[in-house]
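The values are calculated or read from the model by the stated rules, or taken from the named source; none is laboratory data. Note that this is a predicted model, so its numbers are computed, not measured. Note: ideal-geometry Cβ built from the backbone for every residue, glycine included; neighbour counts use all protein chains shown.
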Amino acid sequence: MLLRMMLDNIDRLTDQITTLERNIEELVVPFCRQVEQLTTIPCVGRFTAAELIAELGVDMTRFPTAGHLVSWAKFCPTTHESAGKTKPKGRTKGNPWLGATIGNAIGALTRTQTFLGARYRRVARRRGKGKAMVAAGNSLLTSVYHLLSDPDATYQDLGPTYHDTLINRDRRARQLAAALEAVTGQTILIRAGKAHIADTDQAA
């Protein structure tokens, strides 16, 4: 009897979910163009796009820049100033429904070979998963803003190696060489992009 009741509950909930999904599909018809634009973002499906539109709307003129949208959604770091001292503070509470939608999308992106996935992993290694979620959510909302602001815009993924292209390789090599010198006590020279351990006479 209990199993039958559980199965009946599952069937009832499944019917309710189907009804809600059908209703969402009908309500989002006037915004089909925006839905198609948003689904060009990796791991953003039709229902995620519908949730974003439900919480943000499609009129981005209310936000002068993408930064204003990100700030309104509370997907940016904040600072607390007291007695002349400024301290970093975590993300403040924003729209919980929008936050959950962004969080689910980023959760699906974390292991993908995409710009947003790489951004999450890059920040998570240095700052932790919480700050990585905010950083990737910031980038995702920025993309959403530009897509909804321009009817002809489509999402162009920058790729997982985009951040590497921004690194000044010569400067980074010098920094790593200096760090190695501090640890090993050896003199390391960078020549033609390669590291060489120099003896005392060469270093002189």
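Worth pointing out:
- When residues of the range 139-181 are limited to those that are acidic (Asp, Glu) and out of contact with any strand residue (DSSP E or B) (no Cβ under 7 Å at 6 or more places or on another chain), the one surrounded by the most Cβ atoms within 10 Å (Cβ to Cβ): 157
- Within the range 1-39, being surrounded by fewer than 13 Cβ atoms within 10 Å (Cβ to Cβ) and not in a helix (DSSP H, G or I) holds for one residue alone: 1.
- Considering (1) surrounded by 12 or more Cβ atoms within 10 Å (Cβ to Cβ); (2) more than 19 Å from the chain's Cα centre (by Cα), the lone condition that residue 43 does not fulfil carries the number (2).
- Residue in the range 104-118 that is among the hydroxyl-bearing types (Ser, Thr, Tyr), in contact with a Cys (Cβ under 9 Å, 6 or more places away or on another chain) and at pLDDT 90 or above present: yes
- Restricting the range 112-138 to residues that are charged (D, E, K, R) and under 19 Å from residue 67 (Cβ atoms), the residue that is surrounded by the most Cβ atoms within 10 Å (Cβ to Cβ) is 119.
- Listed by first and then second residue, the pairs with beta-carbon distance under 9 Å, at least 6 apart or on different chains, first residue in the range 61-76 and free of Cβ contacts under 8 Å to residues at least 24 places away in the same chain, second aliphatic (A, V, I, L, M) and surrounded by 14 or more Cβ atoms within 10 Å (Cβ to Cβ), are 62/69.
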